[in-house]
1. Tell me, please, whether a residue that is closer than 23 Å to Arg160 by Cβ and either β-branched (Val, Ile, Thr) or not assigned by TED's automatic domain parsing to the domain that holds Arg174 (or both) can be found in segment 133-143.
2. Report, by residue number, each residue of segment 38-61 that is loosely packed, with under 13 Cβ neighbours inside 10 Å and assigned to a helix (DSSP H, G or I).
3. Check Ser184, Ser128 and return the single one that is under 23 Å from Glu83 (Cα atoms), of a type in the set (Ser, Thr, Tyr), in contact (Cβ under 8 Å) with a residue 40 or more places away in the chain and not assigned by TED's automatic domain parsing to the domain that holds Leu81.
4. Consider Gln117 against the criteria (1) outside the structural domain of Ser64 (by TED's automatic domain parsing); (2) under 22 Å from Lys185 (Cβ atoms); (3) free of Cβ contacts under 8 Å to residues at least 12 places away in the same chain: it satisfies all of them except one. Which criterion is unmet?
5. Of the residues in segment 70-82, how many are in contact (Cβ under 8 Å) with a residue 40 or more places away in the chain and either touching a Phe, Trp or Tyr at 6+ places or on another chain (Cβ under 8 Å) or among the hydroxyl-bearing types (Ser, Thr, Tyr) (or both)?
6. Mind checking whether some residue in segment 139-160 is touching a Leu at 6+ places or on another chain (Cβ under 8 Å) and more than 30 Å from Trp191 (Cβ to Cβ)?
7. Output the residues belonging to segment 120-141 that are modelled with pLDDT of 90 or more and surrounded by 14 or more Cβ atoms within 10 Å (Cβ to Cβ).
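The values are calculated or read from the model by the stated rules, or taken from the named source; none is laboratory data. Please read all numbers here as calculations on a predicted model, not as lab measurements. Note that we place each Cβ from the backbone using ideal geometry, even for glycine, and neighbour counts take in every protein chain shown.
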Amino acid sequence: MIRCTALALVLSSWTVCAHAETASGSEARAAADGLTNSAIAAYERQDYARALTLLTRASVLAHSPRLGLYFARSHAALGQLLEAAADYAAVVESAETSAENAGQRRIIEAARDELAQLRPRIPVIEFSLGEAELRSHNLRLVVDDALAVPGAHLRVNPGRHEVVASDADGEKTRVAFEVGEGESKTLALSWRSEAARASKEPFPEAGSSSARRTLGVVALGVGATGLGVGTVTGIAALNRAAAGSQNCPAGHCSDGPNVPENSSAFVALRTISAAGFVLGGAGIGTWLGLLLTTPTPNRSTEHPKVSPWTPVVGMGSAGARYVF
């Protein structure tokens with residue numbers, strides 16, 4: 001009799017516990033469904049952050065394919081494509097155990113289709129390193145607190161990111177970059193090469209603006225000097241011709257010591273004057289060509305240097321002026 005009574009008490013207690021667990025499970029599922037419905041309403045109002053908050057609270061009580069589907073949709077609407085892809089994949093993987101009815105099967109099919117459409121939108125980046133950088137000891141690439149492998153394709157969310165390269169000696173470089181939906185980008189990291197280039201003194205290139213300006217100043221000086229010499233010697237040649245014509249009235253030159261002297265001096269001065277004008281024209285032409293073809297510097301970052309030397313050309317004189 002005692003044993004029968006004890007067995008009856010045990011069986012009754014088990015029955016009460018089972019009913020309590022069933023009741024609590026039903027209440028939790030009902031609360032989760034209510035939160036999920038509120039989250040769906042927030043999603044339809046495009047309040048995606050509120051929808052995620054409600055879905056998170058519902059997932060603590062119970063989980064369902066519908067809840068996972070709207071988790072994925074809310075993440076995708078906020079641009080969190082990696083999180084959305086993981087949510088879609090979780091819903092698809094639950095097909096065998098959760099597809100209890102036709103409604104759940106439709107949810108799983110929708111998750112499968114939306115996942116296929118989402119994957120091409122996820123950006124892919126790749127980091128390219130030089131041989132010197134790859135030989136770094138304990139090389140680490142960290143993108144948004146996640147490790148990355150050089151040369152491997154890394155999927156990230158669209159938007160702004162930062163990569164930090166470090167080795168056994170500490171941080172080496174930090175690069176911020178931005179990537180859009182569906183974009184593939186390769187980033188070159190070469191801090192050793194950049195350090196080597198920075199240690200070398202740069203030489204001005206022939207095509208640079210500073211070198212062209214220097215050549216232009218030289219060409220202008222040569223042109224101004226040539227024009228000055230041509231003008232002075234031209235005037236002297238005219239004076240010699242005028243003096244020689246005095247001994248040649250009506251085109252008939254008379255004998256005298258001044259005639260040969262004036263003739264030879266006139267020819268020499270005329271030759272020098274012509275050469276001066278040719279040299280001056282070439283110099284001025286070169287200066288104008290360089291002036292017209294030299295790119296204009298960025299005034300916000302580059303201030304032009306004004307030469308203290310200024311060429312001066314006048315009647316019968318040529319030179320330069322220096323400003324202190």
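1. If we filter segment 133-143 for residues that are closer than 23 Å to Arg160 by Cβ, which is where we start, we get 140-143.
Cutting the leftovers down to either β-branched (Val, Ile, Thr) or not assigned by TED's automatic domain parsing to the domain that holds Arg174 (or both) gives us 142-143.
Checked against the condition, which is being closer than 23 Å to Arg160 by Cβ and either β-branched (Val, Ile, Thr) or not assigned by TED's automatic domain parsing to the domain that holds Arg174 (or both), segment 133-143 yields at least one hit.
2. At the first step, the residues of segment 38-61 found to be loosely packed, with under 13 Cβ neighbours inside 10 Å are 44-46, 49, 60.
Result: Glu44, Ala49, Val60.
3. On the way: Ser128 fails: under 23 Å from Glu83 (Cα atoms).
Going through Ser184, Ser128 in turn, just one is under 23 Å from Glu83 (Cα atoms), of a type in the set (Ser, Thr, Tyr), in contact (Cβ under 8 Å) with a residue 40 or more places away in the chain and not assigned by TED's automatic domain parsing to the domain that holds Leu81: Ser184.
4. (1)
5. First, pick out the residues of segment 70-82 that are in contact (Cβ under 8 Å) with a residue 40 or more places away in the chain: 72-73, 76, 79-82.
In the following step, the residues that additionally are either touching a Phe, Trp or Tyr at 6+ places or on another chain (Cβ under 8 Å) or among the hydroxyl-bearing types (Ser, Thr, Tyr) (or both) were identified as 72-73.
Going through segment 70-82 one residue at a time, the tally reaches 2.
6. no
7. Taking segment 120-141 as the starting set, the residues that turn out to be modelled with pLDDT of 90 or more are 120-126.
Once the filter is applied, which keeps residues that are modelled with pLDDT of 90 or more and surrounded by 14 or more Cβ atoms within 10 Å (Cβ to Cβ), segment 120-141 yields Arg121, Ile122, Pro123, Val124, Ile125, Glu126.
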